[in-house]
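Remarks on the structure that follows.
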Amino acid sequence: MRAPNVKIRQVALASSNLEETDATLRRLFGCDQSYADPEIIYFGLENRLYTLGDCFLEVVSPVQPNTAVGRFLDRRGGSGGYVVIVQVENLAKERVRLADSSIRTVFADDRGNAKAIHLHPKGVPGAIPSLDEMTPPESWLWAGDGWEQRAGHHVGGILAVQIRSLDPRATGLCWAEAYGIELLSSGQEWHLEMGGTEIRFAFDAAAADPALMAIDFEAVDLPAICAAADGMGLERDRHVVTICGVDFNFISP
């Protein structure tokens, strides 16, 4: 069994219009400001990151030609879900475990107090899985200094992500192997449980390829979220708001 602190800490979306998406998310989440990581230019990207409790939503957008994000946007035909970051206790052990699998690592970063690997989405379809270790565990280097003071007023954290495909069980088994967690079933949906968060796998007859299509958030102030969404003219169905081609499902405690 996984330790309770193994959980989804961050989800990244790819956007073709970073400034517009940033303004939308700051208002929706009730964030006074977002964080821009200057080091992400290494990938030919710019980003904005939002503190949601002790979790984070990131938006990335290409500013240079021939980036992986740019190719993703072209394949998808627009914005969409891009990366799922799960915090693990011991990344070295995870790398040993993954070495015995067919899943390839496409990126690794080791800064001492923050370590991460990204796995190839061809082996784990639907988004790029990332395994990250932080020292101390409650920290989060990718969010910059003072991230706690930038927390959104309307949202308390990320609860789950949903990946939709034609074969959710097969997709889920790939992700189960990536994170070393047993795939569970509930009705017609499959899921991975990790420290109070979930990755869910659902059937979608329209899914040409598996894709991250929904995120569940803890709603601290649902009326404020709905008012912000309506004020910006966003697509909303009760407590579900669609942004960057992804359904944001706001759940009250």
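The values are calculated or read from the model by the stated rules, or taken from the named source; none is laboratory data. For clarity, every value in this text was computed on a predicted model and none was experimentally measured. Here the Cβ positions follow ideal geometry from the backbone for every residue, glycine too, while neighbour counts run over all protein chains shown. The protein model used for the area step is the full one, side chains on, heavy atoms only, and it has no ligands, DNA or RNA in it. Shrake-Rupley method; radii C 1.70, N 1.55, O 1.52, S 1.80 Å.
When both residues are 6+ apart or on different chains and their Cβ atoms are under 7 Å apart, which pairs have a first residue that lies in region 30-42 and is among the hydrophobic types (A, V, I, L, M, F, W, C), and a second that is assigned to a helix (DSSP H, G or I)?
That search, which allows pairs on different chains as well, returns CYS31/ARG150.
Between residues in region 147-170 that are at positive phi and residues that are in a strand (DSSP E or B) and open to solvent by less than 10 Å² (accessible area, probe 1.4 Å), which pairs lie under 9 Å by C-beta distance while being six or more apart or on different chains?
GLY157/LEU52; GLY157/CYS55; GLY157/THR197; GLY157/PHE217
Is it true that ASP221 is open to solvent by 10 Å² or more (accessible area, probe 1.4 Å) and closer than 25 Å to VAL60 by Cβ?
No, not satisfied.
Restricting attention to region 16-67, and to residues there that are open to solvent by less than 40 Å² (accessible area, probe 1.4 Å) and of a type in the set (Val, Ile, Thr), which single residue is farthest from the chain's Cα centre (by Cα)?
THR67
Any residue at all in region 230-240 that's open to solvent by 20 Å² or more (accessible area, probe 1.4 Å) and over 26 Å from ALA151 (Cα atoms)?
No, the conditions are met nowhere in region 230-240.
Tell me yes or no: at least one residue of region 129-141 is surrounded by 13 or more Cβ atoms within 10 Å (Cβ to Cβ) and over 27 Å from PHE248 (Cβ atoms).
Among the residues of region 129-141, at least one is surrounded by 13 or more Cβ atoms within 10 Å (Cβ to Cβ) and over 27 Å from PHE248 (Cβ atoms), which makes the answer yes.
What strands (runs of 3 or more DSSP E) lie completely within region 1-92 and have 2 or more residues being of a type in the set (Val, Ile, Thr)?
Passing ranges, in order: 7-14, 55-62, 80-87.
Quick one: which of PHE72, PHE107 is open to solvent by 10 Å² or more (accessible area, probe 1.4 Å), touching a His at 6+ places or on another chain (Cβ under 7 Å) and more than 18 Å from ALA176 (Cα to Cα)?
Only one candidate qualifies: PHE107.
Identify all residues within region 198-217 that are in contact (Cβ under 8 Å) with a residue 12 or more places away in the chain and either assigned to a helix (DSSP H, G or I) or open to solvent by 60 Å² or more (accessible area, probe 1.4 Å) (or both); write none if there are none.
Scanning region 198-217 gives PHE203, ALA205, ASP209.
Checking the structure you have, find out if any residue of region 180-191 is within 21 Å of ALA12 (Cβ to Cβ), open to solvent by less than 60 Å² (accessible area, probe 1.4 Å) and modelled with pLDDT under 95.
Yes, there is a match, as at least one residue in region 180-191 is within 21 Å of ALA12 (Cβ to Cβ), open to solvent by less than 60 Å² (accessible area, probe 1.4 Å) and modelled with pLDDT under 95.
Confirm whether LEU131 is under 27 Å from ASP22 (Cα atoms), in contact (Cβ under 8 Å) with a residue 12 or more places away in the chain and not in a helix (DSSP H, G or I).
Considered against the rule, which asks whether it is under 27 Å from ASP22 (Cα atoms), in contact (Cβ under 8 Å) with a residue 12 or more places away in the chain and not in a helix (DSSP H, G or I), LEU131 comes out as yes.
Against the definition (closer than 24 Å to LEU166 by Cα and assigned to a loop (DSSP other than H, G, I, E, B)), how does GLY126 come out, yes or no?
The answer is yes for GLY126.
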